[in-house]
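The values are calculated or read from the model by the stated rules, or taken from the named source; none is laboratory data. Everything numeric in this text was worked out from a predicted model, so none of it was measured. We place every Cβ from the backbone using ideal geometry, glycine too, and count neighbours over all the protein chains shown. To get the accessible areas, we keep the full protein, side chains included, count just its heavy atoms, and leave off ligands, DNA and RNA. Shrake-Rupley method; radii C 1.70, N 1.55, O 1.52, S 1.80 Å.
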Amino acid sequence: MERIERMYIDGQWVLSRAGETRNVINPADGSVIATVAEGTAEDVQLAVAAAKRAFYEDGWMVAPPVERARLMFALADALEQQTDEFAKLETLNNGKALREAQFDVSDAVACFRYYAGLATKPHGQTYDVADPMQTLVVREPIGVCGQIIPWNYPLLMAAWKLGPALAAGNTVIFKSSELTPLTAIKLFQLIEGVGYPKGVVNLVLGAGNTVGQEIAENYDIDKVAFTGGTNTGRSIMKAATGNIKNISLELGGKSPNIIFADADLEAAVDWTLFAIFINQGEVCSAGSRLLLEESIHDQFLERLVERTKKIKIGPGLEEGVEMGPLISETHMNRVLEYIELGKREGAKLLCGGHRILEGNLEKGYFVEPTIFANTSPDMRIVQEEIFGPVLVVQKFKDEKEAIALANNTIYGLAAGVFTQDGAKGLRVIKKLRAGITWINAYNPTYNEAPWGGYKQSGIGRELGTFGFEEYTEVKQININLEPGPISWFENR
Ligand code: NAD
């Protein structure tokens, strides 16, 4: 009988109540690498009942921060000890180059350690209000939290979600992407192993329109935290209105990477490759619009194209591979359609533009790194998130035009500026409507700093103390230091 990977609900490894399963695919060759339980709304409801009981009746709500920290440090240690196994599994399931998956595992470990440390730090305030009162402001866990993540960073996004939620004392129903459940299943084996009480952390696998929808709608879930596409975010917002859920959304982007003529151009070319082509361009913050100052436009692109053509593409597990396949056949076709659209819209294809069908790559979902120039701001390839290895180039005359072009999309996730003029760099960044920005760099991300978008790139922030606060309610406690009657009414 085939092995079915199970979900983790109320401390038990279970099959879907409906008995459904789903095959998980290796995007490098289209083969089936696992069969997993496919949950439904009923499985979510069982997980919610467990999470509610764990929070209120079993006492996780008041578990000492030092205990929450201990468990999370243990989880981080256990994960670190299996870095290679997790990295290989992530590459097998997601496709990304192994060296990237290794970074993801160590970033996930660091994220858990950051939040384990934060659990025991002070989070409150006190106020000397009018005598004889004293006011305390305390942060408390929100309660039962639903968390839904995408497929591009399956393990790292799990750490970004579970870290702050559990450190702050919530219980969780977690859903990975149906395309990439494997490292989440392995992570939950560690969660069980380090001794989280049953019901505190639950894994429900399945599709967005069943499991995800139920998480967004369920009246006993107090908060939903979502990372994924902007349209899905919109639908989750609507579904969450029933019980006025607390909600945080990390959505899509079409982020500008602005290169001024006075930048160190060789370094800027190098960062530009990193900005758009890591993780096959399947990065929410990807610098997918390159804004070049007119005077360096041609020379910069010549060097960029030369280096883009040398990127080593192949199965992520192969030695020396720098870029892997896209996540699925469906997604690959979507990216290829955008490439065709770019041609029809009249943009100039400088390199790439095709699926790779050579040698051992023909069964996988490989797309060449692609660059379009001669674009205009209203083109759909300039406005819409492609979420693949496709860069569109825009030309600008001066600082003012660069800022106007940069801000001209519905998104506001990230932005980069390259210049050797420090004042100009900061001046421009301050005018960009984006939540994550870099000067003379693009993409490095730190657990200490808040991550999230302006405009239609989302609501709320992950990481840092901001990310922790997103998983707390704020309560004021007013204490009368001279207990006695107020004597407002005279009618004793
Ligand atoms: P997606 O929106 O299709 O799916 C994300 C998750 O939502 C999956 O688990 C999916 O099953 C679930 N889902 C789908 N429909 C749902 C519904 N109706 N109700 C509830 N859940 C539902 O996104 P994707 O294709 O997996 O990921 C790509 C997108 O994620 C891109 O737009 C990217 O920019 C975004 N992303 C954003 C960030 C960020 O931090 N801002 C990080 C990574 C990815």
Residue-averaged 222 nm ellipticity for the chain, from DSSP H runs of 4+ at -39500 (n - 2.57), nearest 500: -11500 deg cm²/dmol
Cβ-placed point charges (K, R +1; D, E -1), dipole of the chain about Cα centre in debye, nearest 20: 640
Distance between segment 143-182 and segment 242-291 - C-alpha centres, whole angstrom: 23
Cα-Cα over 21 Å, subset of K348/K400; K431/K455; K223/K430; K175/K254: K348/K400; K223/K430; K175/K254
Positive-end residue of I410, L349, F396, charge dipole of segment 256-439 with Cβ unit charges: I410
Antiparallel DSSP beta bridges within the chain, percent to nearest 5: 45
Residue-span extension gain [K430 to T126] - 0.36 nm each, minus C-alpha spacing: 106.1 nm
Rough spin-label spacing in nm, given labels placed 7 Å along Cα→Cβ, for Y219 and Q12: 2.5
Relative contact order [Cα under 8 Å, 6+ residues apart], the chain, whole percent: 18
0 to 90° range, to nearest 10: angle between helix 329-345 axis and the chain longest Cα axis: 50
Positive-end extreme of charge dipole, segment 97-162 - chosen from A97, P122, T135 (charges on Cβ): A97
Restricting segment 362-407 to trypsin sites (Lys or Arg not before Pro) in coil, as DSSP defines it, with at most 12 other Cβ within 10 Å: K397
Added length on full extension, which subtracts the Cα-Cα distance from 0.36 nm per residue, E80 to S31: 14.8 nm
Simple spin-label estimate for A49 and V66 in nanometres, 7 Å along Cα-Cβ: 3.7
Net length gained if the chain between E473 and K343 were fully extended (0.36 nm per residue, minus Cα distance): 41.8 nm
Where segment 256-439 is the region considered: accessible area per residue in Å², 1.4 Å probe: 42
Per DSSP, loop GluC sites (Glu not before Pro) in segment 411-492 with at most 16 further Cβ within 10 Å: E448, E490
